[in-house]
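The values are calculated or read from the model by the stated rules, or taken from the named source; none is laboratory data. Being a predicted model, the structure only gives us computed values, none of them experimental. Cβ sites come from the backbone with ideal geometry, for glycine too, and all protein chains shown count toward neighbours. To get the accessible areas, we keep the full protein, side chains included, count just its heavy atoms, and leave off ligands, DNA and RNA. Shrake-Rupley method; radii C 1.70, N 1.55, O 1.52, S 1.80 Å.
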Amino acid sequence: MNECMNELVSIKEASQWATAYLGKTVTPANISYLIQYGRITKIQNNGVIKVRKAELIEYYQKQKRSRKEEWKAQLGEDLNWALSFEQYKEAETTKHVHRLHPYKGKFIPQLVEYFLDDHTDAFKKEVYFKPGDIVYDPFSGSGTTIVQACELGIHAIGNDVSAFNAMIGNCKVTQYNLVDVQTEINRISHALQSFLINHKTIEFEHRLLQELHIFNNAHFPTPEYKYKVKHKEIDEPIYGEEKAQEFLPIFYKLVKEYNIQLRQNTEDSFLDKWYSKHIRDEIQCVCDEIKHIKNPDTKNIVSVILSRTIRSCRATTHADLATLKEPVMTTYYCRKHGKLCKPLFSILKWWETYSQDTIQRLVQFDNLRKDTFHVCVTGDSRNIDLITELYKVNPNFAKLVERQKIKGIFSSPPYVGLIDYHEQHAYAYELFGFERKDELEIGPLFKGQGKEARKSYIQSISEVLINAKKYMVDEYDIFLVANDKYNLYPTIAENAGMRIVNQYKRPVLNRTEKDKGVYAEMIFHLKAQ
Ligand SMILES: C[S@@+](CC[C@H](N)C(=O)[O-])C[C@H]1O[C@@H](n2cnc3c(N)ncnc32)[C@H](O)[C@@H]1O
C-alpha cells in the first residue's frame with residue numbers, strides 16, 4: 001500500500017474525494033453512514049474523525065465490481081445494465097408526487113420516461129410517443145405512468161381495479177387549489193393538537209425516548225456496536241433479544257404511570273388489530289375532520305396524507321413495515337437500526353411531516369406539469385368500457401380518445417401470485433369505506449403460482465390486451481414490464497393477436513421498498529401481428 005492509499009481524510013474530504021472518484025454526489029452524511037454501519041473504520045485523529053482512503057477505495061471497488069458481476073452471474077449475460085438507472089439516487093426515483101403515498105410494486109419514473117420521451121440511443125432506436133399522443137396504463141397502480149406522461153405533455157388514461165390505487169394516481173395528477181389544501185391541513189392539525197392536550201401520550205413518548213436513549217447508549221454504542229455485529233463479535237439476535245427483555249420492565253412502568261392503553265378491546269378489523277388504542281382514537285379525530293372538507297380534490301389529497309400517516313403508524317417494527325407479521329406494541333430490538341426502538345404512540349409527528357412534505361411535492365410538480373389530460377378510472381381492465389368511464393369524469397378527454405385513439409400502452413401488470421394489491425392498503429379501505437374488489441385482481445398472492453393460477457393469468461392478461469385494442473390506433477406500441485419467470489408472455493401475445501418485437505432484461509436496483517435482492521424484469525415490446 002503506498003503513502004497516498006494510507007492517507008487519512010476527514011469526513012468532508014472523503015465525501016469530496018468519493019464524489020470525484022465515483023462521478024456522482026457522495027455527501028458527508030453518506031460517509032458517516034458507512035462509518036456508522038461498520039463498513040469503514042472510524043479513526044479519532046487529534047479530536048477530528050477521519051477515515052482511511054484505502055478502505056474507502058476498497059469498499060467502492062468491491063461494491064461496483066461485485067454488484068454488476070454478481071447480478072450478471074445470477075441473471076445471465078443478456079442483462080441490460082444501461083436500464084438499471086444506477087446513477088439515480090432514491091430522491092430522484094421518488095421525485096415530486098411519486099412519493100405521495102407508499103405502494104408496493106411500483107416501477108421507477110425513469111423507466112417510464114425512457115420509453116415515453118423523445119430520446120433515442122443505441123438501444124432505443126425509435127421514438128414511440130410524442131407530445132399530444134395518448135398513452136394507456138391498464139394497471140395504473142400508484143399512477144407512475146400517468147404522472148410521467150403529464151410531465152411530458154402526453155395525455156394519459158390509467159385504470160386500476162383497486163379504488164384506492166386509482167385515488168392515489170388521481171391525487172398525483174390533480175391540480176389543486178393549494179391555499180385551500182394548506183388551510184384545511186392547518187385546521188385539522190389544530191384539531192388534532194387540541195385532542196392531544198387532554199391526553200398524556202406525548203409526555204409518555206417523550207419520557208420513553210429519554211429512557212431508550214440512555215439504555216441504547218449504554219448497550220448499543222455507535223458505531224462500535226454495529227462494527228462488532230458486522231465482524232461477528234456479537235451474536236445479534238441473542239444479544240438484541242436479551243436487551244429488549246431487560247428494557248421491558250422500564251417500558252411497562254411508564255405505561256402504568258401514564259395510564260397508556262396499548263391494545264384495543266377487539267381485534268376484529270385491521271384498524272382494531274394493527275393500531276394501539278390511542279393511535280386509533282387520533283386517526284378517528286382526523287378522519288372526522290376530513291369529512292368537513294368541502295372541495296372534493298382537497299378532501300382526496302388530505303385523505304391520502306392521513307392514509308400515508310396511518311400506514312407509518314401501524315403497530316409493527318421498522319423492519320416489518322412492508323410485510324406485516326404480528327402487531328408489536330412494546331419496545332423491541334430493531335435490526336434495521338441496531339438498537340432498541342419503539343412503535344409509535346401518536347400520529348401527530350407523521351401527520352405534520354407528511355402534510356408539509358405533500359404540499360412541497362405538489363408545488364414541485366405544479367412547475368413541471370403540462371396542460372394535457374390525465375385521469376385514472378376504476379374498473380377491471382379485462383372488460384372496462386374506457387370511453388363510457390371517461391365520459392363520466394372528463395367528457396372532453398373521452399371525445400379526444402374517440403377521435404384520436406390511444407397510441408400505446410406502458411404498464412406493469414401484476415404478476416402471478418406476488419402481491420395482494422387490495423390487502424396492502426387494508427387500513428385505507430376500512431377507514432375510507434372503499435369497496436374492495438379482491439376477487440377481480442389478476443394474479444393475486446392469495447391464489448398462488450400453481451398451474452391453474454398461471455392458466456388464468458394468461459387468459460386474463462390476454463383479455464386486457466384484446467379489450468385495449470378497441471381503443472388503440474392500428475400501429476400501436478405496447479410496453480409491458482414483467483418478471484416473466486414462467487415464460488407466459490409469448491402465449492399472451494399470441495392469444496391477443498400480437499407479436500413480441502423486442503424484449504429488454506432490466507436489473508432492478510432502485511426498489512423503493514426494503515427488498516434489495518437480485519432481481520430482473522423484462523420489458524416486452526408488443527405490436528399488432
Ligand atoms: C404492478 S402494479 C402496477 C404498478 C404501477 N406500474 C406503479 O408504478 O404504481 C399492478 C396493478 O394492477 C392492478 N390490477 C390487478 N388486477 C387488475 C384488473 N383486473 N384490472 C385492473 N387493474 C388490476 C392492481 O391493483 C395493481 O395496482
Worksheet item: Within region 409-509, which helices (runs of 4 or more DSSP H) (wholly inside it) include 3 or more residues that are within 13 Å of the ligand (Cβ to nearest atom) and in contact with a strand residue (DSSP E or B) (Cβ under 9 Å, 6 or more places away or on another chain)?
Response: 451-469
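So is Arg499 in contact (Cβ under 8 Å) with a residue 24 or more places away in the chain, surrounded by fewer than 18 Cβ atoms within 10 Å (Cβ to Cβ) and basic (Lys, Arg) or not? It would help to see each step written out before you state the result.
Values: in contact (Cβ under 8 Å) with a residue 24 or more places away in the chain: yes; surrounded by fewer than 18 Cβ atoms within 10 Å (Cβ to Cβ): yes; basic (Lys, Arg): yes.
Yes: the conditions hold for Arg499.
Being among the hydroxyl-bearing types (Ser, Thr, Tyr) and open to solvent by 30 Å² or more (accessible area, probe 1.4 Å) is the requirement here; does Thr330 meet it? If you could, list the steps in order and put the result at the bottom.
Working: among the hydroxyl-bearing types (Ser, Thr, Tyr): yes; open to solvent by 30 Å² or more (accessible area, probe 1.4 Å): yes.
In short, yes.
Considering region 154-164 alone, what residues qualify as being more than 6 Å from the ligand (Cβ to nearest atom) and either open to solvent by less than 10 Å² (accessible area, probe 1.4 Å) or of a type in the set (A, V, I, L, M, F, W, C) (or both)?
Kept after step one, since they are more than 6 Å from the ligand (Cβ to nearest atom), are these residues of region 154-164: 154-158, 163-164.
Of everything in region 154-164, those that are more than 6 Å from the ligand (Cβ to nearest atom) and either open to solvent by less than 10 Å² (accessible area, probe 1.4 Å) or of a type in the set (A, V, I, L, M, F, W, C) (or both) turn out to be Ile154, Ala156, Ile157, Gly158, Ala163, Phe164.
Check Leu196, Leu212, Leu178 and return the single one that is modelled with pLDDT of 95 or more, away from the ligand (no atom under 16 Å from the Cβ), closer than 30 Å to Phe251 by Cα and of a type in the set (A, V, I, L, M, F, W, C). Talk me through it step by step, then tell me what you get.
Values: Leu196 fails: modelled with pLDDT of 95 or more; Leu178 fails: closer than 30 Å to Phe251 by Cα.
Just one listed residue meets the conditions, Leu212.
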Response to the item:
Of the candidates Ile57, Ile31, the one satisfying the condition of being farther than 30 Å from Gln356 by Cα and either of a type outside the set (Phe, Trp, Tyr) or in contact with a helix residue (DSSP H, G or I) (Cβ under 7 Å, 6 or more places away or on another chain) (or both) is Ile57
Response to the item:
Of the residues in region 235-269, those that are outside any helix (DSSP H, G or I) and either open to solvent by 60 Å² or more (accessible area, probe 1.4 Å) or not aromatic (Phe, Trp, Tyr) (or both) come to Asp235, Asn259, Ile260, Gln261, Leu262, Arg263, Gln264, Asn265, Thr266, Glu267, Asp268, Ser269
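Going by what's in this entry, would Lys53 be described as under 28 Å from the mean Cα position of the chain (by Cα) and basic (Lys, Arg)? Spell out the reasoning first.
Numbers: under 28 Å from the mean Cα position of the chain (by Cα): no; basic (Lys, Arg): yes.
No.
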Item to complete: Give region 334-356 a look and list any residue that's part of a helix (DSSP H, G or I) and either among the aromatic types (Phe, Trp, Tyr) or over 25 Å from Asn300 (Cβ atoms) (or both), or say none.
Response: Trp350, Trp351, Tyr354
Discussion item. Please determine whether any residue of region 125-141 is closer than 23 Å to Ile359 by Cα, among the hydrophobic types (A, V, I, L, M, F, W, C) and more than 16 Å from the ligand (Cβ to nearest atom).
Written reply: no
Worksheet item: Which of the helices (runs of 4 or more DSSP H) contained wholly in region 270-332 include at least 2 residues that are of a type in the set (Lys, Arg)?
Response: 277-290, 296-312
Fill in: Cβ pairs under 8 Å, 6+ apart, first in region 17-33 and under 15 Å from Glu90 (Cα atoms) and touching a residue at least 40 places away in the same chain (Cβ under 8 Å), second open to solvent by less than 50 Å² (accessible area, probe 1.4 Å) and assigned to a helix (DSSP H, G or I)
Thr25/Thr19
Fill in: Residues within region 17-51 that are open to solvent by 50 Å² or more (accessible area, probe 1.4 Å) and either small (Gly, Ala, Ser) or part of a helix (DSSP H, G or I) (or both), tallied
10
Worksheet, complete the sentence: Of the residues in region 194-228, those that are part of a helix (DSSP H, G or I) and among the aromatic types (Phe, Trp, Tyr) come to Phe195, Phe204, Phe215, Tyr225, Tyr227
Worksheet entry | Out of Ile214, Ile234, Ile185, sole residue that is among the β-branched types (Val, Ile, Thr) and under 30 Å from Cys285 (Cα atoms) | Ile185
Worksheet item: Here is a list of conditions, (1) closer than 25 Å to Val161 by Cβ; (2) open to solvent by 40 Å² or more (accessible area, probe 1.4 Å), and Asn367 meets all of them except one; can you say which number that is?
Response: (1)
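Out of Glu86, Glu77, Glu92, Glu113, which single residue is surrounded by 13 or more Cβ atoms within 10 Å (Cβ to Cβ), assigned to a loop (DSSP other than H, G, I, E, B) and out of contact with any Cys (no Cβ under 9 Å at 6 or more places or on another chain)? Steps first, please.
Values: Glu77 fails: surrounded by 13 or more Cβ atoms within 10 Å (Cβ to Cβ); Glu92 fails: assigned to a loop (DSSP other than H, G, I, E, B); Glu113 fails: assigned to a loop (DSSP other than H, G, I, E, B).
It is Glu86.
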Discussion item. Given the criterion open to solvent by 10 Å² or more (accessible area, probe 1.4 Å), out of contact with any Pro (no Cβ under 9 Å at 6 or more places or on another chain) and of a type in the set (Phe, Trp, Tyr), identify the matching residue among Tyr128, Tyr136.
Written reply: Tyr128
